[in-house]
1. When ranked by the protection proxy of mean other Cβ atoms within 10 Å per residue, highest first, what sequence do the peptides 1-11, 42-52 form?
2. State, to one decimal in nm, how far the label point of ARG27 lies from the label point of ARG10, with both points 7 Å from Cα in the Cβ direction.
3. Calculate, in nm to one decimal, what SER34 and LYS56 gain on full extension: separation in residues at 0.36 nm each, minus their alpha carbon distance.
Amino acid sequence: MYVCLCNGYRDSEISEVARSGVRCARRAYFEMGSGPRCGQCLEMAQDIIDEVHEEKTPLRHAQSMEAGQPTPRAKYNHGVSSQT
Ligand code: FES
């Protein structure tokens, strides 16, 4: 799904940059070629990046799942899975 309409960045692209070690949404955008414009997407992009890094620490992720907390991306897709 598209996260940044100004730049046409998808969640899968942001996740890929996060997996390379980037932890900041603004930095991720510059790595992808263009910085943020309106900034409306930055919170969601940061949640996606945080989710990638939480997956790298399985214990912390498992604890949040046990507590019944939704993953950051689930807050935006309202339970509908995206096909990217
Ligand atoms: S929607 Fe991403 S900068 Fe505007």
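The numbers here are math on the coordinates, done by the rules we state, and not lab data. All figures in this text were calculated on a predicted structure; none of them were measured in a lab. Reconstructed Cβ throughout: ideal geometry from the backbone, glycine too, with neighbour counts over all protein chains shown.
1. 42-52, 1-11
2. According to this spin-label approximation, the distance is 2.5 nm.
3. Details: separation 22, 0.36 × 22 = 7.92 nm, distance 2.65 nm.
Length gained, SER34 through LYS56: 5.3 nm.
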